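First up is the structure itself, then whatever we jot down about it.
The values are calculated or read from the model by the stated rules, or taken from the named source; none is laboratory data. What you are looking at is a predicted structure, and each value in this text was computed from that prediction instead of being measured. Glycine gets a Cβ as well: all are built from the backbone with ideal geometry, and neighbour counts include every protein chain shown. Note: areas computed on protein heavy atoms with side chains; ligands, DNA, RNA excluded. Shrake-Rupley method; radii C 1.70, N 1.55, O 1.52, S 1.80 Å.
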Amino acid sequence: MKSKIHSINQHLLKRYPLLWNTRVLWMLSACLLLHIVFFIIGSVTVSDVEILQERGAVTLFFESGIVFFSIMVSILAIVVWLIFLFKNNGFKSYYPTSKSKLFLEYIIYFIIFFFAISFYFSYMIGLKFMVNQQHPDNEFKANIELSNRAHVFFSHNLADYELSNRRYPEPFDTLYCEARETMVITERPYFNFLNKYYQYWSLKKDSIAISDYDYDDRSNCLFPLSRDGFMVCHVKDSLMDVSRHVNTVQPSYFNFSRPFFSNKRDASDSYVVSITNPLNEDLDRTENILINKDVHQLLSRNNPEAIKKLLSEFLDITEDYKIKSNLTVESWFYAVYHPENFEVKKLIGKSSPMETSLNYNVASTEFQKYASSITSKLYLKSDDLFQVYDNISDIKKFKIFNDGIHVFLWLAFGLSCLLFGFRITSSKIFIFSVVTGGILIIVVSLVTVAINYLIDYAQGTQYLIYFFMLSLAFAILSIPYFFIKTIKRMLSGIAINLSLVMVPLTILLILVLITSYQTDNCLKNFRDFGIEDNHPCPNILGYFGFDWSYIILVASLIFIFLFTTKIRQWRALPEQ
């Protein structure tokens, strides 16, 4: 093995000296092995479904401590690489090199740093791979749909079964139920159960200028929605008597309309259909109507075997996901099956009686006392199942190479600039460059504070700060281009090192300056026309969004490629 490595090194040294000098072959091979290790770690992390019962499985890389292990591995790999890298430096030894080879050396540094610090992506690929293998999309969607159908019998919260939750049949899908006691007109038809009031109204829309909208009094504006300078409200129109549609005012399974888990289905999903509903333009009640319709049809058939089958299939799901419960099909069925109006006679806890007693709250209202009196010792940890679904859904939808890739790209860019600067100059100049950079940061901070203090935060002070920073940046960037032969070699070397890292910051600063001007000018036009200045203003930064990161990165790389001419010119200067 050792002779094989020696043979490869000799071949690279003779044919591809730059690849040999940078140790890129061995470093990328080591990084590949480490990425495979992190892929396996990510896969193993979610191999036990119980880990998905905790919040934020998609952030396990950071919360489980893997991030610290990743950092240590990255540091160790980079340090070992640098030890071998620093053994040779052809540029400092005046080894003949071209502009393209010098730039290629920088690109190699950039690639190595990126692969040496981006183990997060391999971990997340492994995590997502295992979740997709263990929970295929079709099976996962079927489990969610079944859970939503069985949700009506969870019987956790008595308030979910109140009359105010009914959304089916007509006219409940289009009506608003007034449940605020002070807003109920007792002289007109209404319902009452243990001092809980229900009165149904039809709604109509009304628009109020935002300037006239009373945020402290929302009693007459239901479901307010801000739109184009107006507050769109639904206001009560006509009181409706729905007595002939209501068989009981007690909490009933017929009233249940809440989905257990919504996977943010799109219009192409067969589960979502269009329902004519005047509220749906602004209020998404479609899924509630569908759930209530399914419940109504299931209970209306009054088929005990169909209900038992639903409960049995759901309990199979809880076993697959290791959800704790003391429910059996028979105990659950007899707790919920009351065919006369299907009134709720027993409540099922969300945790074991022992855990519930530790978080016991004293009931204060008649409704709460009644709920407490019918609470059984049965329990189902449905919150754990919800968290499993939520974690699986988040991991499946998670875009691995999302906006987070910008962090790794720019970290690799910064590290490669530092290493490249150290390699092309000297340790002395590099240290002075770091110190000079720190001093410049302090100077810019002090000038910013001074300008804001002296001008008393007046409008437009940011432009003075921007122009000061740009002037400073251009002054440094001009040294290698115009004064490289007229000033001391050390000063020009410091300017070269600073220029490598200042280019992307300078481009970003120019974009921020243009954006500030566009925004201020836009808001000024709004105020000139008497329009509220809370409207969004288009600007150059918003045009490409995060894609500006890629644009600035490419522009910076192009600059470095062109800048290598000045680096070679500086290196040719005599030592002073």
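Amide H to amide H distances under 5 Å link residue 375 with 347, where only residues 5 or more positions off or on other chains count and H is placed in the peptide plane. Starting from the Cα gyration tensor of the stretch 397-520, take the square roots of the eigenvalues, sort them a ≥ b ≥ c, and report rounded, prolate or oblate (rounded when a/c is under 1.5, otherwise prolate if a/b is larger than b/c, else oblate). Cα axes put the stretch 397-520 in the oblate bin. Computed over protein heavy atoms with a 1.4 Å probe, the accessible surface of the chain works out to 54 Å² per residue. Distance cut-off 29 Å, Cα to Cα: go down the list 141/309; 204/350; 293/350; 141/350 and report the pairs above it. 204/350, as the Cα separations exceed 29 Å there. Mind pulling the angle between the C-alpha long axis of helix 24-45 and the longest principal axis of the chain? Nearest 10 degrees, somewhere in 0 to 90. Value to nearest ten degrees: 10.
No solvent, one uniform scatterer per C-alpha: report log10 I(q)/I(0) for the stretch 322-429 via the Debye equation at q = 0.10 1/Å, two decimals. Per q value, in the given order, log10 I(q)/I(0) is -0.57. Phi-derived couplings, Karplus 6.51 cos²θ - 1.76 cosθ + 1.60 at θ = phi - 60°, listed residue by residue for the stretch 196-208: 9, 10, 9, 9, 9, 9, 7, 10, 9, 8, 8, 10, 10 Hz, with x used for Gly and Pro. Projecting the Cα atoms of 121, 199, 59 onto the dipole axis of the chain, where Lys and Arg carry +1 and Asp and Glu carry -1 at the beta carbon, places 121 farthest toward the positive end.
Pairs from the table (377/397; 128/324; 322/396; 428/485) lying more than 28 angstrom apart at Cα are 377/397. Relative to the dominant Cα principal axis of the chain, helix 304-320 is inclined by about 20°. Given in Å, the Rg to one decimal and the Dmax to the nearest whole number for the Cα atoms of the stretch 1-68 are 19.2, 57.
With semi-axes defined as the square roots of five times the eigenvalues of the C-alpha gyration tensor, the equivalent ellipsoid of the stretch 1-155 measures 47, 14, 14 Å, largest first. Packing order of peptides 415-428, 66-79, highest average first: 415-428, 66-79 (average count of other Cβ atoms within 10 Å over each peptide's residues).
Take every pair of alpha-carbon atoms less than 8 Å apart whose residues are at least six positions apart; their mean separation over the length of the chain yields a relative contact order of 16 percent. When the Cα gyration tensor is reduced to axis lengths a ≥ b ≥ c, the ratio a/c is 1.5 or higher for the stretch 155-207, and with a/b not above b/c it is classed as oblate. Using just its DSSP H runs of length 4 or more, each adding -39500 (n - 2.57), the chain gives a mean residue ellipticity at 222 nm of -19000 deg cm²/dmol after division by all residues.
Descending by average beta-carbon neighbour count within 10 Å, the peptides 187-197, 382-392 line up as 382-392, 187-197, the highest first. Pick the calculated semi-axes √(5λ) of the Cα gyration tensor in Å for this structure from [x] 128, 47, 23; [y] 64, 35, 18; [z] 48, 25, 24? Of the labelled values, this structure produces [y]. Between the amide H of residue 324 and those of 381, distances stay under 5 Å, these residues lying 5 or more places away or on another chain, with hydrogens modeled in the peptide plane.
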